[in-house]
Amino acid sequence: MNPQDLKKSLCKTFCDDIAIREVESGIVVSARYSDEVGDPIECYIEKTELGTWTISDDGQFIPDLIGKGLDITTKSRAEFLSRAMKISNAHYDAEYFTICTDELTSFPSPGQIIDFLTTLLRARDVSFWTKERIRSTFKEDAFLAISAALSNFTISRNSPVPNVASLRDFPADIVVSSDCRDGIELSVAIFLVQESSSITEALTLWLAAAAEGIELPTFALIENAARINMNSTKVQRAINRIDTFAIWDDDKKTAVEKIVKNVRKELT
């Protein structure tokens with residue numbers, strides 16, 4: 001294959017994998033690359049009230065890093081992210097948790113869009129660095145508190161819903177089961193959320209159960225709301241569809257009581 005034919009082939013392959021869709025706030029562009037949970041890496045092109053344009057990510061990448069215990073303010077990580085953002089003249093907006101460009105006077109050019117997608121792809125390398133993280137006992141503490149309060153039910157950890165073959169690939173952090181209603185085994189799935197991918201998993205299970213016509217109450221206990229970007233469309237979609245959620249953080253006792261109360265309501 002000569003260089004020109006190779007160029008045409010590469011351009012076609014790259015372009016075929018680009019997806020563009022309109023949303024209420026503007027345009028979303030995604031390329032062939034995906035993040036560590038398989039979601040496409042995409043950017044949002046939005047027009048401001050002043051008539052200028054910006055390119056940004058979905059505002060979930062940085063909160064996810066923080067939720068995993070990665071300190072993005074350390075010298076090495078901050079410099080790495082700065083170099084990645086320099087590719088597209090982007091910066092980190094701490095108020096909205098987004099990587100974004102400055103306001104542009106006109107709609108961004110194809111080159112600016114590709115550069116920004118390159119920034120997002122490059123920035124994700126930092127998530128694979130060795131983590132100097134403080135071990136969180138949230139999942140252990142939450143499991144112990146919930147299991148103690150629901151000791152009269154069958155409780156499984158890191159398990160799929162029992163006796164439902166179609167859902168065996170969708171485990172939850174906690175599954176509480178009972179056979180107390182008309183002899184039929186009922187279950188509730190609980191996800192212990194430290195980052196947005198966990199609440200997305202809760203939504204995935206809920207959707208899979210609904211597709212099978214299975215009524216499966218799905219709950220989320222979120223460790224720290226500050227680490228979950230509530231402005232994210234993905235997070236909002238999950239929270240609006242699952243059956244209930246509670247925030248652990250500074251109100252642990254009440255959060256557990258809310259989850260337990262709703263479990264009992266579903267299973268008795």
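I want to confirm something. Restricting to the stretch 228-244 and keeping residues that are touching a residue at least 24 places away in the same chain (Cβ under 8 Å) and either under 11 Å from the mean Cα position of the chain (by Cα) or surrounded by 22 or more Cβ atoms within 10 Å (Cβ to Cβ) (or both), which single residue is nearest to D58 (Cα to Cα)? Write out each step before concluding.
Narrowing the stretch 228-244 to residues touching a residue at least 24 places away in the same chain (Cβ under 8 Å): 228-229, 231-235, 237-239, 241-244.
This time we only want the ones that are either under 11 Å from the mean Cα position of the chain (by Cα) or surrounded by 22 or more Cβ atoms within 10 Å (Cβ to Cβ) (or both), so: 228-229, 232-235, 237-238.
Numbers: I228: 12, N229: 9, S232: 6, T233: 8, K234: 9, V235: 10, R237: 13, A238: 15 Å.
Selected residue: S232.
How many residues does the stretch 73-111 contain that are surrounded by 18 or more Cβ atoms within 10 Å (Cβ to Cβ) and not in a strand (DSSP E or B)?
Count: 6.
So is D102 closer than 16 Å to T119 by Cα and not β-branched (V, I, T) or not?
Here the answer is yes, as D102 does meet what is asked.
Of E257, E201, which residue is under 30 Å from S25 (Cα atoms), part of a helix (DSSP H, G or I) and of a type in the set (D, E)?
E201
Among the residues in the stretch 49-72, are any surrounded by 11 or more Cβ atoms within 10 Å (Cβ to Cβ), among the polar types (S, T, N, Q), within 18 Å of the chain's Cα centre (by Cα) and in a loop (DSSP other than H, G, I, E, B)?
Yes, there is a match, as at least one residue in the stretch 49-72 is surrounded by 11 or more Cβ atoms within 10 Å (Cβ to Cβ), among the polar types (S, T, N, Q), within 18 Å of the chain's Cα centre (by Cα) and in a loop (DSSP other than H, G, I, E, B).
Among the candidates S82, S76, S34, S30, which residue alone is among the polar types (S, T, N, Q), in contact with an Asp or Glu (Cβ under 7 Å, 6 or more places away or on another chain) and farther than 21 Å from M230 by Cα?
S30
Against the conditions (1) in contact with a strand residue (DSSP E or B) (Cβ under 9 Å, 6 or more places away or on another chain); (2) surrounded by fewer than 17 Cβ atoms within 10 Å (Cβ to Cβ), where does E36 fall short? Just the number, please.
With (1) in contact with a strand residue (DSSP E or B) (Cβ under 9 Å, 6 or more places away or on another chain); (2) surrounded by fewer than 17 Cβ atoms within 10 Å (Cβ to Cβ) applied to E36, the lone miss is (1).
Can you tell me which residue among L203, L207, L186, L192 is among the aliphatic types (A, V, I, L, M) and in contact with a Cys (Cβ under 9 Å, 6 or more places away or on another chain)?
After applying the criteria, what remains is L186.
Just to check your reading of the model, which residue among S178, S187 is modelled with pLDDT of 90 or more, among the polar types (S, T, N, Q) and part of a strand (DSSP E or B)?
S187
Given the residues T218, T204, which is the only one that is hydroxyl-bearing (S, T, Y) and modelled with pLDDT under 95?
None of the other options fit; the residue is T204.
Write out, first by first residue and then by second, each pair whose Cβ atoms fall under 7 Å of each other, whose residues are 6+ apart or on separate chains, and whose first residue, in the stretch 197-226, is more than 17 Å from D169 (Cα to Cα) while the second is polar (S, T, N, Q) and part of a strand (DSSP E or B).
F219/T244
Can you tell me which residue within the stretch 49-73, out of those that are without any contact (Cβ under 8 Å) to a residue 24 or more places away in the chain and not small (G, A, S), is farthest from D102 (Cα to Cα)?
Among those that are without any contact (Cβ under 8 Å) to a residue 24 or more places away in the chain and not small (G, A, S), it is T73.
For the stretch 79-107, name all the residues that are more than 22 Å from the chain's Cα centre (by Cα) and either on the phi > 0 side of the Ramachandran plot or at pLDDT below 90 (or both).
Across the stretch 79-107, the qualifying residues are E79, F80, N89.
Quick test of your reading of the structure: A94 fulfils all but one of (1) touching a residue at least 60 places away in the same chain (Cβ under 8 Å); (2) more than 14 Å from F116 (Cα to Cα). Name the failing condition by number.
(1)
Would you call R32 in a strand (DSSP E or B), within 20 Å of L120 (Cβ to Cβ), basic (K, R) and in contact (Cβ under 8 Å) with a residue 12 or more places away in the chain?
Yes; evaluated as a whole, the condition is true for this residue.
The values are calculated or read from the model by the stated rules, or taken from the named source; none is laboratory data. Note that the coordinates shown come from a computational prediction; the quantities given were computed from them, not determined experimentally. Backbone-built Cβ (ideal geometry, glycine too); neighbour counts: all protein chains shown.
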